Amino acid sequence: MYDTPSPQEVPGQDPSAADESAATASDPGTVHVLVGAVRTRIVLSGEIDANLADEFSDAMQDAEAAGLPVEVDAHHVTFMDSSGVAFLARLSIRSQHRVRLLRVPPTVRFLLEVTRIGELLDVVDGDDGREFQPVGDSTDAS
């Protein structure tokens with residue numbers, strides 16, 4: 001049996017530095033829904049896992065209520081498990097429009113390919129250059 005020293009017990013290491021590295025190693029996931037003038041954007045970030053079940057449900061309801069095309073920005077996703085993949089699949093099936101997935105990191109792209117969920121979505125490399133305009137935000141000067 002081996003004893004692993006706690007970060008506070010490691011000689012020469014500042015305990016606050018260990019706490020900081022532990023915080024960045026586990027990035028809690030978030031789901032944000034932005035309703036725009038012509039589309040809804042769901043922004044996923046951090047660890048996308050089963051802990052976000054309630055957020056997935058709320059995001060699905062918000063997107064359906066808006067009735068607009070949906071795009072999912074996955075740029076800041078650091079991890080995704082099967083519940084995240086299932087959310088994308090449900091979103092694509094329930095949406096009236098084809099769902100677009102923007103700025104997909106390699107780990108998520110791999111999951112989409114292996115599960116073939118990527119066939120249900122339009123995977124866009126980068127951000128396709130279309131500016132997202134939130135509802136009520138008018139850039140028209142007239």
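R90 passes all but one of (1) crowded, with 17+ Cβ neighbours inside 10 Å; (2) at pLDDT 95 or above; (3) over 18 Å from D27 (Cβ atoms); which number fails?
For R90, the failing item is (1).
What number of residues within segment 84-106 are assigned to a helix (DSSP H, G or I) and either within 12 Å of the chain's Cα centre (by Cα) or among the aromatic types (F, W, Y) (or both)?
4
Restricting the search to segment 31-56, which residues are in a strand (DSSP E or B), hydrophobic (A, V, I, L, M, F, W, C) and in contact with a Leu (Cβ under 8 Å, 6 or more places away or on another chain)?
Within segment 31-56, V31, V35, I42, V43 qualify.
Can you list residue pairs whose Cβ atoms sit under 8 Å apart, with the first residue in segment 23-34 being farther than 15 Å from S57 by Cβ and the second being at pLDDT 70 or above and basic (K, R)? Count only pairs 6 or more apart in sequence or on different chains.
L34/R41
Quick check: is even one residue across segment 57-67 assigned to a strand (DSSP E or B), modelled with pLDDT of 95 or more and either among the hydroxyl-bearing types (S, T, Y) or over 18 Å from H97 (Cβ atoms) (or both)?
Checked against the condition, which is being assigned to a strand (DSSP E or B), modelled with pLDDT of 95 or more and either among the hydroxyl-bearing types (S, T, Y) or over 18 Å from H97 (Cβ atoms) (or both), segment 57-67 yields no hits at all.
The values are calculated or read from the model by the stated rules, or taken from the named source; none is laboratory data. Just so we're clear, the structure is a prediction, and the values are computed from it rather than from any experiment. Cβ: placed from backbone, ideal geometry, glycine included. Neighbour counts: every protein chain shown.
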